[in-house]
Amino acid sequence: MGSWKLDFATGISIWSEESLRIYGISLEENNQTFETWLSFVHPEDLGFVLKKIEGSQLSLKGYSFHHRIIRKNGVIRHLYSEAKFEFDTNGKPTGMYGIAHDVTDLKLTEELLITSDQRYKNLLGNMNDGFIVYDTTGKVIFANKAFLQIFNLTEDDIKNFVIEDYIAPEYHKMLSERHNRRISGEKVPDILEYEGFKKGGERIWLGVRVSPVIENKIIIGTQSVVHDITDRKRAFEEIKVLNATLEEKVKERTAELMESNRELETFNYSASHDLRAPLSVMKGFAEILLKKNANSLDEEGKKYLEFISDNAKRMSHLIDDLLKLSHLNRETLVKTAVNLNEMVAQVLEEVKLSYENISFEVYLSDLKTASGDSGLLKQVWINLISNSVKYSAKKAKPVIEIGLSVREGEAVYYVKDNGAGFDMKNINNLFIPFKRLHSMSEFEGTGVGLSLVHRIITRHGGKIWADAKVDEGATFYFTLPESGMKGESITLPAIQKHQFQGIPQRGDSKQLHILLADDDIDDCNFFSKALQALPISSNLTTVRDGERLMKYLDENSEQLPDVLFLDINMPRKSGFECLSEIKENIKLKDIPVVMFSTSYPQHMTYARDMMSLLSKIGASDCIRKPSDFEQLKQVIHNALIKVTEKGAIN
């Protein structure tokens, strides 16, 4: 802060060294006058400054104001100036003294805050949901376009908006009581549904989520997200009416279907058994003829008998599969704890015996223990692993991978091969009995095996799906809800190969460039160690605040990161603002951005809203940073897999 003193008698003004520095004047020039001082004042501020000084001369009370100056080198600075008069013993003014405070940095910060606030308001203004903010007296502070559209209001209407005018009278008392309790700090239900009116009187149903606005631990108002749920309410009432009339029909139809299914299962089981006998006779006599009359048969006769025998054998396998399907529908599940590692090891030995002529490589990770029917789960592994071996047999080096991954806290088992694969256009036929995706001339089979797997997994309450490419292989995934792993902290199994499909692995020449934006140095080190523990080849760059992040991306626009992990709570420029700028920038918008924070919202509804909003802006994922090392490894792993599946990492 600089100071100065002006003698009215001489007109000379003496400035302190700090004042000279502020104005960009050397020590040798410390002999300024009022006129030379005025020459520094910004032309746009000169009239205002002179008016302030003239007013102070009339009142002799001094002055204080903000203004700009222009240094000799053209640099503009923002100052706060304050001055007072000096008087002699007769009360006559003899001079003035004052201070000059350079507030340029403060002014620029204020402008940045205004810009940030405006950007936030623009974001809320473009939301599809209605959004309104009140102060503690009920006065509207802000309302977005969607809110105005819900009530058919204009900008002028909102200036005098009183919520009671647009709410059905029977809800007034309840809403007023809840508002007062919420403002006083009491926790009250935040999700409401009530009837209201549009401007003009049309009745509508509203779904409202209300929360307090808190600043420095003080409640300064409330904010509401508002939906027009009229169509949903009407549909619900219609459904209630339909349910009343359909319930009996559903019961009747269900009983008919159950009886029909029982009859069908009985027929299927009986027919399968009845077909076994004639097939055995056909197959047996054909083999006897081949053995006893081989010398008297010509080649064509032998061919016909072999054809009969092979097809009888195929029909026998088909009947066996039909019996398994029929038996499965009637069989009661007996669930126990199943050691999947032991089970799969046993299945692999059995499969190797069935395919002795095929040499295949197996990669197996820790499958842990699951809950299920041991016999049926073994059938699942037999069918999936046998299929992988069968459809990879024509490859020079068949590779089978059996493992466990974790998606959103749920254990997902998979069997992967590098075989024939299939066209995903036919995925809907995959688990339908007898709907084969390959011809018998290519691969033998009855077309029932995957149907059996699907039914077993479904009966366990799980899901099964597949992904494949022609000539590149197929992967079958399935879940077992009662595996004992859902909701637990799961350590990522140490898989030898293929876990990070599409991501450079350790030892590869190509590296995955990961950019981490986080202001906490401990969190950065923690993240780096967790990343190093994963079997991927990566290069990590860190930045510590939002402005540095945007500067880094601007300076490295030709070599952008493969994925950005961005902390929501960043200094100087929030992660929220950075995400918005990145997705609005044509050069940066394709960067996959994973948003994360340690201070995640505790209220799940608000958390989902925030995740939804970040997703709309363009975030690839939104996660909470765990404090546990193994959990952090899992979180990074899941995020990389997710952006890879979206095709964001090339």
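The values are calculated or read from the model by the stated rules, or taken from the named source; none is laboratory data. Only a predicted model underlies this, so the values are computations on that prediction, with no experimental measurement involved. Because the Cβ atoms are built from the backbone with ideal geometry, glycine has one as well, and the counts that use them run over all protein chains shown.
Things worth noting here:
- Within region 384-398, tally of residues that are more than 20 Å from M343 (Cα to Cα) and touching a residue at least 60 places away in the same chain (Cβ under 8 Å): 2
- Some residue of region 507-522 being in contact with a His (Cβ under 9 Å, 6 or more places away or on another chain) and at pLDDT 65 or above: no
- Count - residues of region 371-385 that are at pLDDT 85 or above and touching a Ser or Thr at 6+ places or on another chain (Cβ under 7 Å): 1
- Of the strands (runs of 3 or more DSSP E) lying entirely inside region 163-231, not one carries at least 1 residues that are outside the structural domain of N128 (by TED's automatic domain parsing), modelled with pLDDT of 85 or more and surrounded by fewer than 16 Cβ atoms within 10 Å (Cβ to Cβ).
- Pairs, first modelled with pLDDT under 90 in region 29-54, second exposed (fewer than 13 other Cβ atoms within 10 Å of the Cβ), C-beta under 7 Å, six or more apart: T33/G11; F34/G11
- Segments classed as strands (runs of 3 or more DSSP E), wholly inside region 5-99, with at least 3 members that are over 54 Å from the mean Cα position of the chain (by Cα) and surrounded by fewer than 18 Cβ atoms within 10 Å (Cβ to Cβ): 76-87
This table checks each residue for (1) touching a Ser or Thr at 6+ places or on another chain (Cβ under 8 Å); (2) modelled with pLDDT of 65 or more; (3) of a type in the set (F, W, Y); (4) more than 19 Å from W381 (Cα to Cα).
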{"site": "G445", "(1), (2), (3), (4)": "no, no, no, no"}
{"site": "L450", "(1), (2), (3), (4)": "no, yes, no, no"}
{"site": "V453", "(1), (2), (3), (4)": "no, yes, no, no"}
{"site": "R459", "(1), (2), (3), (4)": "no, yes, no, no"}
{"site": "A468", "(1), (2), (3), (4)": "yes, yes, no, no"}
{"site": "G473", "(1), (2), (3), (4)": "yes, yes, no, no"}
{"site": "P481", "(1), (2), (3), (4)": "no, yes, no, no"}
{"site": "K486", "(1), (2), (3), (4)": "no, no, no, yes"}
{"site": "I490", "(1), (2), (3), (4)": "no, no, no, yes"}
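- Taking region 161-182 as the range and being in contact with a strand residue (DSSP E or B) (Cβ under 9 Å, 6 or more places away or on another chain) and more than 15 Å from Q223 (Cα to Cα) as the test, the residues that pass are D165, Y166, I167, A168, E170, Y171, M174.
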